[in-house]
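Data first, discussion second: the structure below is written as structure tokens.
The values are calculated or read from the model by the stated rules, or taken from the named source; none is laboratory data. It should be emphasised that the depicted structure is a prediction, and the values quoted were computed from it without experimental measurement. Note that we place each Cβ from the backbone using ideal geometry, even for glycine, and neighbour counts take in every protein chain shown. Accessible surface is based on the protein model in full, side chains and every heavy atom, while ligands, DNA and RNA are left aside. Shrake-Rupley method; radii C 1.70, N 1.55, O 1.52, S 1.80 Å.
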Amino acid sequence: MNIQEPKIISNLFNDEDYNKLKTHLYNRPKLQENFDPSFERYCFNDGLINEYMEKLVPVARKIFGSNTLLPSYGLFAHYEGNNPNLFTHKDDNACTYTIDMCVYQTEPWDLNVDGKPYTLQENEALAYYGNDQFHWR
């Protein structure tokens, strides 16, 4: 496999789809059982996230050059607290390819891949190889 440099994807979704996703995720009540204190984040997956993952299959296949690429899982994470973080790691699950989207933010927070920081704006995403490239926040 040829590992490419991470790629920023601007305007990942059209305005209607993006606003629907943002409203759904931003207004979702934070449930205490979904809070992970070690990362200071809330995480969940639901039907709408899975629907949007399916919409990204053609984009992902083109970016990563794989006509057989299939979605494995989606996860929404909302970080908040005094010291939110995501430690340096490579994924050890079924996500060879990763599309990491910024849905909303109060201030920019870099996503680092192999030592290079990427600053995403709302409705932008970073495509990279989650199993092969170190990444963190």
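For the chain, what's the relative contact order in percent, using C-alpha pairs closer than 8 Å and at least 6 residues apart?
Here the relative contact order equals 30 percent.
Give me the net charge of LEU86's neighbourhood, meaning all other residues with Cβ under 12 Å from the Cβ of LEU86; Lys, Arg count +1, Asp, Glu -1.
Net charge around LEU86: -3.
How large is the convex hull of the C-alpha atoms of the stretch 48-137 per residue, in Å³?
105 Å³
Convert each backbone phi in the stretch 63-75 into a coupling constant with the Karplus relation 6.51 cos²θ - 1.76 cosθ + 1.60 (shift: θ = phi - 60°), then list the ³J(HN,Hα) values in order as whole Hz, x for Gly and Pro.
4, 8, x, 10, 6, 9, 4, 10, x, 9, 6, x, 8
Over the chain, with a Gaussian network built from C-alpha contacts below 10 Å, which listed residue (ARG61, ARG28, ARG41) shows the highest mean-square fluctuation?
Of the options given, ARG28 has the highest mean-square fluctuation.
Out of the total accessible area of the chain (probe 1.4 Å, heavy atoms of protein only), what percent is carbon and sulfur?
Reported share for carbon and sulfur atoms: 48 percent.
Across the stretch 102-111, in residue order, what do the Karplus-derived ³J(HN,Hα) couplings come to in whole Hz, using 6.51 cos²θ - 1.76 cosθ + 1.60 with θ = phi - 60° and x for Gly and Pro?
With the stated coefficients, the stretch 102-111 comes to 8, 7, 7, 7, 8, 7, x, 9, 4, 9 Hz.
Quick check for me: using +1 on Lys/Arg Cβ and -1 on Asp/Glu Cβ, what's the dipole size of the chain about its Cα centre, in debye to the nearest 20?
180 debye
Separation of the stretch 55-122 and the stretch 1-24 by C-alpha centroid, Å?
10 Å
Pull out a ≥ b ≥ c, the square roots of the eigenvalues of the alpha-carbon gyration tensor of the stretch 1-78, then state rounded if a/c is under 1.5, prolate if not and a/b is larger than b/c, and oblate in the remaining case.
Values: a/c = 2.16, a/b = 1.57, b/c = 1.38.
It comes out prolate by the Cα gyration axes.
Out of residues 5 or more away from GLY130 or on other chains, whose amide H comes under 5 Å of its own, with H placed 1.01 Å from N in the peptide plane?
Under 5 Å from the amide H of GLY130: TYR97, THR98.
Hey, which lysines would be in cross-link range of LYS7, C-alpha to C-alpha under 19 Å, not counting anything within fewer than 8 residues on its own chain?
LYS55, LYS62, LYS90, LYS116
Starting at the first residue of the stretch 118-128, write each ³J(HN,Hα) from the Karplus equation 6.51 cos²θ - 1.76 cosθ + 1.60 with θ = phi - 60°, in whole Hz, x for Gly and Pro.
10, 9, 9, 9, 4, 6, 10, 9, 10, 9, 7
Using amide H atoms built in the peptide plane, which far-off residues or other-chain residues are under 5 Å from TRP109 H to H?
Under 5 Å from the amide H of TRP109: LEU120.
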